[in-house]
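Trainee: Right, I'll just put the structure down here and ask away after.
Just so you know, all these numbers are worked out from the coordinates, no wet-lab data involved. Everything numeric here is computed off the predicted structure, so don't read it as measured data. Positions of Cβ are generated from backbone atoms using ideal geometry, with glycine treated the same way; all protein chains shown enter the neighbour counts.
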Amino acid sequence: MKVRGFWLAAPWALFVLAALGWVFYWHYLANEAERQIRGWAFEQNAGGATVEIDKIVRHGFPVLMRLELQGMSYMAARGGWSVSTDRADLHVQVLNPHHVILEAEAPIAITRAGGATTNISADALIASLRTENGALAVAGIEADNLVLDDPAEEGVLHAAKVVANVRPDPRAAGEYQFAFDAQTLTLPRPVRSFESFGLDVARMRAAIVIGDGALLMQSSPGDPLGPWREGGGRLRFDALELVWGPLETTGTGEGGLDAQRRLDGRLVLPVERPAPVLTAIANGPRIDDDARRALGLLAAGYVVTGNDVTLDIGAHDGILRIEGLPVRPLPPVY
């Protein structure tokens, strides 16, 4: 009887021990997650930034883990920008705590130097981060029905779906791969020199390599991209797909910023039907008269021949050029 009783009681004892162990592990993991959040905030504040989190509330026991972060705000030590939201939820993968997901549960306000504000809202807005051995493995953002609204400007930017992720490039140290996919965009206002393309962009996809990506984590007052630009940072567009108005293309290119923080680079875009594209650009309201006539002649020639073209768009010395023709001067990006 005693032996039989032992075998009957043993599974229950093991179950109780496992349950107690899981309870201990869950609360340990929650304490550790909160400690890291508070530690990160302390380090940021010590470095000159301002981080505030009004309250952290735990949810999900025993299977899931969700930390509700109430009243969050972050003001950068340099660059003059800040971000704030009433609530964001941090989801920690219980069996893989190196993978965390941050879900926005309220609109996000980003304030830039000078006081301009962009309000961000979405049906779903999720950011994820996975690390390996303390280093970035992959980070990403996904949004449904994303809306960006600058109250001081006319119009809002809307995207039905946006997916973006970044990861170290295994082919070269210090470089990062950035992938971006946006579907059914509505622009807030016409793009200068391309006004006749309209506000609706059916799709925009890009596969970009960021050179000297680590320098993007640095900034200088009034020049957030200064260290990256001065360090020779450039972008390489391995693929750029764009379906916008008369333009349907998948091209390549490279680019960066010059010393005056103007765009500097080149895009090569194969176009099967160039005449409508060139005509649309020529009919823009801000095109130089000489460029308008030249683009019109080019468009007429392609109508006659029916040939396709590789459209060359360049930005150098503060001038935007299309097929070598100067179209307009380029202002600083910021």
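Trainee: With the crude spin-label approximation of a point 7 Å out along Cα→Cβ, what separation in nm comes out for residue 73 versus residue 216?
Mentor: 2.8 nm
Trainee: Could you check the simple spin-label distance between residue 152 and residue 49, using points 7 Å along Cα→Cβ, in nm with one decimal?
Mentor: So the two model labels end up 2.3 nm from each other.
Trainee: Follow-up. Place a point 7 Å from the Cα of residue 136 along the Cα-to-Cβ direction; which residues of region 201-219 have their backbone N under 14 Å from it?
Mentor: 208-219
Trainee: Per the Debye formula with a single identical scatterer at each Cα and no solvent contribution, what log10 I(q)/I(0) holds for the chain at q = 0.06, 0.10, 0.16 Å⁻¹?
Mentor: Results for the chain at q = 0.06, 0.10, 0.16 Å⁻¹ read -0.31, -0.75, -1.58.
Trainee: Then there's this: With each label point set 7 Å from Cα along the Cα-Cβ vector, what nm distance links residue 144 and residue 260?
Mentor: 4.6 nm
Trainee: While we're here: So what is the diffusion coefficient of region 1-153 in µm² per second by Stokes-Einstein at 4 °C and 1.567 mPa s, using a Kirkwood Rh over Cα pairs?
Mentor: 71 µm²/s
Trainee: Here is a follow-up. Which FRET efficiency value, to the nearest 0.05, is calculated for residue 93 and residue 333 with the Förster distance at 41 angstrom and r the Cβ-Cβ distance?
Mentor: 0.65
Trainee: Something else now. Can you work out the FRET efficiency for the pair residue 238 and residue 27, with r the C-beta to C-beta distance and R0 = 56 Å, to the nearest 0.05?
Mentor: That pair, residue 238 with residue 27, gives E of 0.75.
Trainee: Give me 319, 126, 281 ranked fewest to most by other Cβ atoms within 10 Å of their Cβ, as a rough exposure proxy.
Mentor: 319, 126, 281
Trainee: Now for a separate question. If I take R0 = 56 Å and measure r between the Cβ atoms of residue 126 and residue 289 in this structure, what FRET efficiency does the formula 1/(1 + (r/R0)^6) give, to the nearest 0.05?
Mentor: Efficiency at R0 = 56 Å is approximately 0.70.
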